[in-house]
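The values are calculated or read from the model by the stated rules, or taken from the named source; none is laboratory data. Note that the coordinates shown come from a computational prediction; the quantities given were computed from them, not determined experimentally. Virtual Cβ from ideal backbone geometry, glycine too; neighbours counted across all protein chains shown. Heads up: the accessible areas ignore ligands, DNA and RNA and are worked out on the full protein's heavy atoms, side chains in. Shrake-Rupley method; radii C 1.70, N 1.55, O 1.52, S 1.80 Å.
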Amino acid sequence: MFLIQMFLLLCSLPVMANTELITRIHDIDYGNNGEDTLIFLESGHVTRIQNKSLLIGLDKKTNWKFKLDKSHRILDMQIVDEKDADPDLSLPEPYNPTIVRSGRDAKYYFNQSRISRGETQCFNRAHVWAYELWKNHKVKSQKIFLFFSRKYIREHNFGWWFHVAPMLIVDEWLGGKTEKVVDPRYITAPRGIDWWIGKFVSGDLECPEIKKYSEYADYPYSENCYILKAPMYIHQPLDLEMLEVWGVQKNDFAIPDLEIAYKEAFQMDYAGELQ
């Protein structure tokens, strides 16, 4: 059984005030030679703690309410109760994204994206954008995940470990087919992958493309960042782990994912299939 997470805060740039969020613990890096322990949250945040004794018996399957200061250190954490539920998964099948006919069409789809107000989480915004690209325009997009390594997080005191947005394959005619990221929260038009990465990564750094989640998780210090492309049905990194470990993949938009995404990212209820 896996918990269906109701996440309450953003996957966005580091905040300057105390932050409260409810999420589960994804992983822990205890560090070396007196380094802070890094706690990777399923919301995408990275928190820091010096007293390792507080982590004894910490349950990764439990939802926690965290209070973080502006340096991403834990001020307080409390257990939050939540019911178990099974994810809506089925066997893998080939995934072929739509080829968008022109850059003009891509910009039109971009401009139709909902605007998210306030502090919201990247994977919930991306899920609604991808869902509405399909339901409103019959466009099968991809998701592009940008993972930040523990090396990069430590060197730059970075506040989150992944970001995600939809991505389109666009037929630029004379320019051939190009990949354009749709991320209205941070860019004003569909942009190439390198341009999009530059919004988040400091300096002239390259982020190698990986094909499976373990290539990021198992080599936390070998690169600064990685990108991974996935079907539009993938909601969060947990889905990538389930695909690799269990060989199962979401072949449609799971209703629980959509309910969570609409509520958290756009403060509205999922109302069923769009017309």
The simple spin-label model distance between residue 209 and residue 268, using points 7 Å out along Cα→Cβ, in nm, is 3.3 nm
Taking only protein heavy atoms and a 1.4 Å probe, what accessible area per residue, in Å², does region 210-253 have with all protein chains in place?
43 Å²
Taking amide hydrogens as modeled 1.01 Å from N in the peptide plane, which residues meet the under 5 Å criterion relative to residue 63, leaving out close sequence neighbours?
80
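Classify region 103-153 as rounded, prolate or oblate from the Cα gyration tensor: take a ≥ b ≥ c as the square roots of its eigenvalues, call it rounded if a/c is under 1.5, otherwise prolate when a/b beats b/c and oblate if not.
Prolate is the answer for region 103-153, as a/c is 1.5 or above and a/b outweighs b/c.
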I'd like the accessible area for residue 171: 1.4 Å probe, protein heavy atoms, all chains in place, Å² to the nearest 10.
50 Å²
Peptides 210-222, 119-131 ordered by average Cβ neighbours within 10 Å, highest first
119-131, 210-222
Under unit Cβ charges (Lys, Arg +1; Asp, Glu -1), what dipole magnitude, rounded to 20 debye, does region 202-275 have relative to its Cα centre?
100 debye
Can you compute 3J(HN,Hα) from phi for each residue in region 228-243, using the Karplus curve 6.51 cos²θ - 1.76 cosθ + 1.60 with θ = phi - 60°, rounded to whole Hz and x for Gly and Pro?
9, 9, 9, x, 5, 6, 5, 9, 7, x, 4, 5, 5, 5, 5, 4
Choose one of 181, 202, 242: the residue whose Cα lies farthest towards the positive end of the charge dipole of region 176-275 (beta-carbon charges +1 Lys, Arg; -1 Asp, Glu; about the Cα centre).
181
